[in-house]
Every structure is written in structure tokens, then in C-alpha cells.
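Below is one structure, written out as C-alpha cells; comments come after it.
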Amino acid sequence: MNTFKKLSACIALVALIASSCTKKFEETNIDPNRIDQISPGTLLNPIIYNVSSYNMLRADDVTFNLMQVALPFPSASGGLHRYDMTENAGSGTWNTYYQWLGNVKEMYAASLKAQDVNYQAIAMTLNAWIYSNLTDCFGDVPMDEANKAEQGVLHSKFNTQKEVYTKILADLDSANNLYNTTKTMLFGTEILYANNVAKWKKFTNSLRLRLLLRVSKRTETNAWALMRAMVDNPTKYPVFTVNSDAAVLSLTGITPMTSPWGRAVDFTSYRAVGKFFLDSLNTLNDPRRAKFATQAKNASGSTNIGYQGIPSGYAGAETQFNYIPSNVNVAVVTAPMINIIMSYAEVQFIKAELEWYYNNAAAAKTAYEAGTKASIEQWGLTMAADYFSSNPNAAYNGTLPRIMLQKYYALFFNDYQQWFEYRRTGLPVMPVAAGMLNNQKMPVRFKYPLIVRNLNTENYNKAAAACGNDDINFKSWWAQ
């Protein structure tokens, strides 16, 4: 009996201790030095750095080849510079963009929870930035049902490109109205703009200008009138007005702001600069030559012979070139360096085209010259005082091709923008080489990734049918 009483007492004591230990367990085990929920600011820097770094790599791998900026050398066959677009060329773009769009979605939700309108507007801007590149690479893409696996949506339906653009353009307009420039950003110092809300607002509107111009061929968008309204009302729609406003990351080389190239030498290995790219800079007598490229040498390598590239898509052996061609300059990917998301120069060229469209010759000339100067100075260079007056090839001549040639250089190393703008305008007109494939036509989209075809087959089939059976030559909605 005594043994039974002792055992009962022990059990009661253990139960009491257990009850005491578990009572308010969650409350007593919260670390007061750690946040218990994510803030929008903690997501912002990784999104900006990782997406822009990936974009810079794709500018090198894709845009340089398609737009005759640079190409592999030697190159016996194939390659994007010969318009040989492989099935998986866009897989990394698809996967990377959707990964970070998921983070943008989480950032937006966190900004709503925190009731922070500035981070909400920034999240909408980042979403528009990434989705515009995504749809311009592929056409129709999942948007409304994307990144909803946790909600049970495993097979996302595709939105048309028109639907995507309608959404993101409306979001950018809404974001402009959301910003509160009197309210500071609370979650640390951001790598872009260092918490300057006014500059974020300028980026939002500058991006909206870019995307309105992109869809300006579609009359139902009323894009020209909307751009006119924005440019004529800078108080309501502030945009970049100087290089320091631009969405450009300064990569110091100190972690985490490191170059996307682990080894800068890989940027120059087995490369040559495109002939078209350098020939036009030579004609302009442009100071950007030395920043972007090295000088070519004679066949023995003993003497510099100026800036000479080789044609993209060339046919035959490399031995046809009796000189060592100019290479890309390793300095542009060696920290400290810049990583361009959107430049002030681009805004000026958008304005130049807008004024050209409305036959405002003087205003178009002013914007053209400002854009050219801004692009040169963005790379730490000085434009000669007589750059325009002494060279008829540089002076504004009232034509769209003249604007687009300078814009081509202003978009150097700016993700896919040269390619997108070429698809919109067909400018600048570039030479076609005998060795180019695809009937010597530049591809205008990536094929959908194999994983999409295999795991989202029904929706893929619908999207593929809408773009000529997933044809790399099928024009985007905005280019039709």
C-alpha cells in the first residue's frame, strides 16, 4: 500500500512538472532578439542582386551573340551568333525568373501585412520588371496561377502576352500612386537607391515608359498618348533625369556585391567582338570602344591595328581572318563595376523616339544628344565637345535608325533589351552572314522548357499552339 501511495505521488509530481514546463511554452521560448515573421526589406536585396546578376550573364550568353556584340572564337559550327537556337536555350531564364517571382510575391504579401505602401509599390515594380522580360522571351506565360503550388495549383494555366502587359502596366501606374515619399523605408539599407523612395518612384515610371514603348505598335494600348501624358507631367510621373537616378548596381567586389563572374578571365576566353558592333563605333569615333573592347593585332600578335571585330555567323575556317580580332574588355566584368537594370540614357532615347513620333524635331534632337552623352558618361568616359558637330554619322539626322543605333549602344550589357528592341523596330539593321542558320532570320523567342512540356503538358500544348507550335520565329503579340 505504501508503495502504491509513493508511486501515485511520483506520477502526480511528474504531471505537475510537465504541466508547468508546457504552460505558455511558445511564449517562453521566443527569442526576443530574432524576428518571428519576414519583413519585405529582407527580400528586396536578394531579388535585385540575383535577378540583375543573372540578367548580366544572359546579356553575355544570348544578347551579345544575337545582336552581333561578341561571339565565340574560334567557332567551327553552330552557336547563337549563327541563329542556332537550341531547345533548352531559355530554360535557365524560365526557372530563374519564376524562382525570384515567388520571392517578389512573398515580398508583396509581407508589405501588405506591414502596411508599408512603399515596399508594396516596389514589389509591384519588381514584378513588372521580371514579368516583362519573361513574356518578351517566351510570349504567353503563366501569371495568374504561377507560384501557387502551396495552394494546390500544380499545373498553371498560361496568360496571353496581352494579359501580362495589361496587368503589369496597370500595376506600374498604381505603384506610382502608392509611393509616399515622406515616409522612410524601415528595413535596412537597400543595395539599390539606399532607401531613397523618390528614386524608386522614378524607376517605376521609367520602367512604365519602357514597357509602353514596347507595346506602342498595338493601337489598342494607346501607348503613345500615355507616354505623352507622362513626359508632359513630370510632377505626377517623375522619371530618371540624371545618371545618378538610374537603376544601376555598383558592384564593389566585396561580398555580397561581387561580380557575376567568379573568374573575370572566363569572360574573355575564346571570344571576339562583333564586326558590326566595332565598325559602327569606329564610324562614330566613339570613346566607348576602349571601354568595351581591346585592340586587334596583326597575325603575329606583335602590333596593334585598331579596333577590328569579326562577323557573326561567319562561314568557313577561322584562318580566313589574317589578324587577331579585338576581344571583349575584361574590365567591364571586374569589380568595381556596374550592373545595369535600367539606365537614364534609355529614358532619353525613349523620349527621343516619342518626340520623333510626334514630329517634334528639336525636342527629339535634344533627347537624342542627352541620351548619347549619358551613355558615354555612365561608363566613366567623357564625350568630346565636338562629338556631334564634327561627325555627320553621330549628329542627329531626324530618323529613327539614327536614334536606334545610339540606343543599341546605350543598352549594352542590359539583359535582353537590345534583342527586344530589335524585334520591335528591326533596328539597327545588321549584316546577314552566309553561315547563319534558321533561314538567316534572327530568332524572336525561346522555346518553352522541356520540363514545362513534360509536367504541364495540357497547358503547354495550348500555349504552343498559340505561337506556331512553339516556333522560335513566331512574333510576340506586341510585334504583330
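Bear in mind that the values in this text are calculations on the coordinates, not laboratory data. Small disclaimer: the values here were computed from a predicted structure and weren't measured. In this analysis, Cβ positions are derived from the backbone assuming ideal geometry, glycine residues included, and neighbour counts consider all displayed protein chains.
A few comments on the model shown:
- Whole-Hz ³J(HN,Hα) from phi, Karplus 6.51 cos²θ - 1.76 cosθ + 1.60, for region 435-442, glycine and proline x: x, 6, 9, 6, 6, 6, 10, 5
- The C-alpha atoms of region 34-163 occupy a region whose extents along the principal axes are 56, 31, 26 Å, arranged from largest to smallest.
- In sequence order, region 252-268 has phi-based couplings of 7, x, 9, 3, x, 8, 9, 5, x, 8, x, 10, 4, 4, 5, 5, 9 Hz under the Karplus curve 6.51 cos²θ - 1.76 cosθ + 1.60, θ = phi - 60°, and Gly or Pro positions carry x.
- The mean sequence distance of close C-alpha pairs (under 8 Å, at least 6 residues apart), as a share of the length of region 417-473, puts its relative contact order at 32 percent.
- In summary, the lysines within cross-link reach of LYS351, defined as a Cα separation below 23 angstrom excluding same-chain residues under 8 places away, comprise LYS199, LYS201, LYS202, LYS217, LYS236, LYS365, LYS373, LYS407.
- Three principal axis extents describe the C-alpha atoms of the chain; from largest down they are 110, 53, 48 Å.
- Amide H contacts for GLU190 (H built 1.01 Å from N in the peptide plane; partners 5 or more residues away or on another chain; cut-off under 5 Å): ASN195.
- Using a Förster distance of 41 Å, the FRET efficiency for ASP279-TRP224 (Cβ separation, nearest 0.05): 0.80
- Between ASN360 and THR181, the contour length at 0.36 nm per residue exceeds the alpha carbon distance by 61.1 nm.
- Using the Cβ-Cβ distance between THR303 and GLN151 with R0 set to 51 Å, the FRET efficiency from 1/(1 + (r/R0)^6) comes to roughly 0.20.
- Extreme residue, positive dipole direction of the chain, given options ALA362, ILE340, LEU169 (C-beta unit charges): LEU169
- Separation of region 290-326 from region 134-194 is 44 Å, based on Cα centroids.
- Residues of region 180-222 with amide N under 19 Å of a point placed 7 Å along Cα→Cβ from THR258: 191
- Assigned charges on the beta-carbon of Lys, Arg, Asp, Glu; region 341-441 dipole about Cα centre (debye): 280
- Averaging the sequence gap over all C-alpha pairs within less than 8 Å and six or more residues apart, then dividing by the number of residues, gives the chain a relative contact order of 21 percent.
- If the chain linking ALA170 and ASP386 were pulled fully straight, counting 0.36 nm for each residue of separation and taking away their Cα-Cα distance, it would gain 73.5 nm.
- In the chain, helical runs assigned H by DSSP with n ≥ 4 each contribute -39500 (n - 2.57); averaged across all residues and rounded to the nearest 500, the mean residue ellipticity at 222 nm is -14500 deg cm²/dmol.
- Scanning the chain for long hydrophobic helices, with DSSP H runs required to stretch 18 angstrom or more by C-alpha along their axis and to average at least 0.5 on the Kyte-Doolittle scale, returns 2-22.
- As a calculated quantity, the FRET efficiency between THR235 and LEU450 at R0 = 51 Å, using C-beta atoms, amounts to about 0.55.
- Annotation: extensible slack from LEU112 through SER269 equals 51.8 nm (criterion: 0.36 nm per residue apart, minus Cα-Cα distance).
- Taking the centroid of alpha carbons for each part, region 226-259 and region 363-378 are 15 Å apart.
- Normalised size of region 264-333, defined as Cα radius of gyration per 2.2 N^0.38 Å with N residues, equals 1.07.
- Packing rank of 256-263, 212-219, 52-59, where each peptide gets the mean count of other beta carbons within 10 Å, highest leading: 52-59, 212-219, 256-263
- Distance between region 45-80 and region 338-360 - C-alpha centres, whole angstrom: 23
- Placed amide H near ARG271: partners under 5 Å, 5+ positions off or other chain: PHE73
- Fraction of beta bridges assigned by DSSP in the chain that are antiparallel (%, nearest 5): 95
- Nonlocal amide H pairs with LYS297, under 5 Å, H built at 1.01 Å: ILE305, ILE324
- In nm, spacing of pseudo-spin labels at ASP471 and GLN440 (7 Å Cα→C-beta vector): 2.0
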